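The values are calculated or read from the model by the stated rules, or taken from the named source; none is laboratory data. Here the structure is a predicted model, which is why all the values come from computation and not from measurement. Positions of Cβ are backbone-derived with ideal geometry, glycine not excepted, and every protein chain shown enters the neighbour counts.
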Amino acid sequence: MRLKILWPGKTKNRDFRSLQEFYLGRIGQLAACEIVETREAKGLEEKFSQKISELEARGLEKHLEDDYIICLSDQGQEMNSGDFARFMEKAAMKSGRPLTFIVGGFSGLAERILKHADARLSLSKMTFSHELSRVILLEQIYRSLSILKGTHYAK
């Protein structure tokens with residue numbers, strides 16, 4: 001299984017960056033995984049969130065290939081960890097393509113990015129910061145790969 005994760009901007013919180021690196025290292029022992037950090041829209045106030053997400057969409061679109069696209073969205077499907085593992089396995093096997101997860105910035109994802117999605121995933125009914133969402137996604141990917149490989153999940 002090949003995985004790619006796209007998001008705009010670098011993670012500024014060093015604790016979150018450390019956790020990202022930790023889970024990326026664990027994932028790398030189970031599957032090929034690449035993180036692509038695209039250009040973040042800067043200099044705009046939060047009230048221009050739609051413009052921000054549109055500007056960030058340009059950078060994300062450059063990395064959309066013929067992959068199986070999974071966008072994180074509050075309108076996406078919620079799954080428990082076992083269901084998510086089976087979803088990943090089925091999507092990878094059925095499509096034969098790499099799985100590409102897209103996490104939006106603080107303004108979310110532009111509608112034109114969401115239209116590329118083969119699937120939409122919600123991490124929770126709760127709202128998380130985009131930086132925390134990155135960590136949660138990586139942890140759940142690692143947990144899912146551990147389930148699929150039948151290996152012990154290191155807590």
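Tabulated data
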| read-out | value |
| --- | --- |
| Verdict on I136 being in contact with a helix residue (DSSP H, G or I) (Cβ under 8 Å, 6 or more places away or on another chain), of a type in the set (V, I, T) and modelled with pLDDT of 90 or more | no |
| Total residues in the range 10-40, condition in a helix (DSSP H, G or I), of a type in the set (S, T, Y) and within 23 Å of M88 (Cβ to Cβ) | 1 |
| Some residue of the range 41-48 being more than 20 Å from K94 (Cβ to Cβ), in contact with a Gly (Cβ under 9 Å, 6 or more places away or on another chain) and crowded, with 17+ Cβ neighbours inside 10 Å | yes |
| Test: residue in the range 62-69 that is buried (at least 18 other Cβ atoms within 10 Å of the Cβ) and under 21 Å from S129 (Cβ atoms) | no |
| Pick from the range 96-110, criterion modelled with pLDDT of 95 or more and not in a loop (DSSP other than H, G, I, E, B), ranking: farthest from the chain's Cα centre (by Cα) | L99 |
| Tabulated pairs, the range 93-114, first closer than 18 Å to E131 by Cα and in contact (Cβ under 8 Å) with a residue 12 or more places away in the chain, second among the acidic types (D, E) and part of a strand (DSSP E or B), C-beta under 6 angstrom, 6+ apart or interchain | none |
| Residue match in the range 78-95 (condition: part of a helix (DSSP H, G or I), acidic (D, E), more than 15 Å from the chain's Cα centre (by Cα) and farther than 19 Å from G28 by Cα) | yes |
| Criterion (at positive phi, buried (at least 17 other Cβ atoms within 10 Å of the Cβ) and not hydrophobic (A, V, I, L, M, F, W, C)) met by exactly one of G104, G108, G96 | G108 |
| Pair list, Cβ < 8 Å and 6+ apart or interchain, from the range 51-74 residues that are at pLDDT below 90 to residues that are among the charged types (D, E, K, R) and buried (at least 23 other Cβ atoms within 10 Å of the Cβ) | none |
| Residue match in the range 117-130 (condition: assigned to a loop (DSSP other than H, G, I, E, B), in contact with an Asp or Glu (Cβ under 6 Å, 6 or more places away or on another chain), under 19 Å from E40 (Cβ atoms) and touching a residue at least 24 places away in the same chain (Cβ under 8 Å)) | no |
| Single unsatisfied condition, K42 versus (1) farther than 17 Å from L138 by Cα; (2) out of contact with any Lys or Arg (no Cβ under 6 Å at 6 or more places or on another chain); (3) modelled with pLDDT of 90 or more | (3) |
| Matching residues, the range 16-38, being closer than 14 Å to V135 by Cβ, buried (at least 16 other Cβ atoms within 10 Å of the Cβ) and hydrophobic (A, V, I, L, M, F, W, C) | F16, L19, L24, I27, I35 |
| Filter result (out of contact with any strand residue (DSSP E or B) (no Cβ under 8 Å at 6 or more places or on another chain) and of a type in the set (S, T, N, Q)) within the range 12-30 | N13, S18, Q29 |
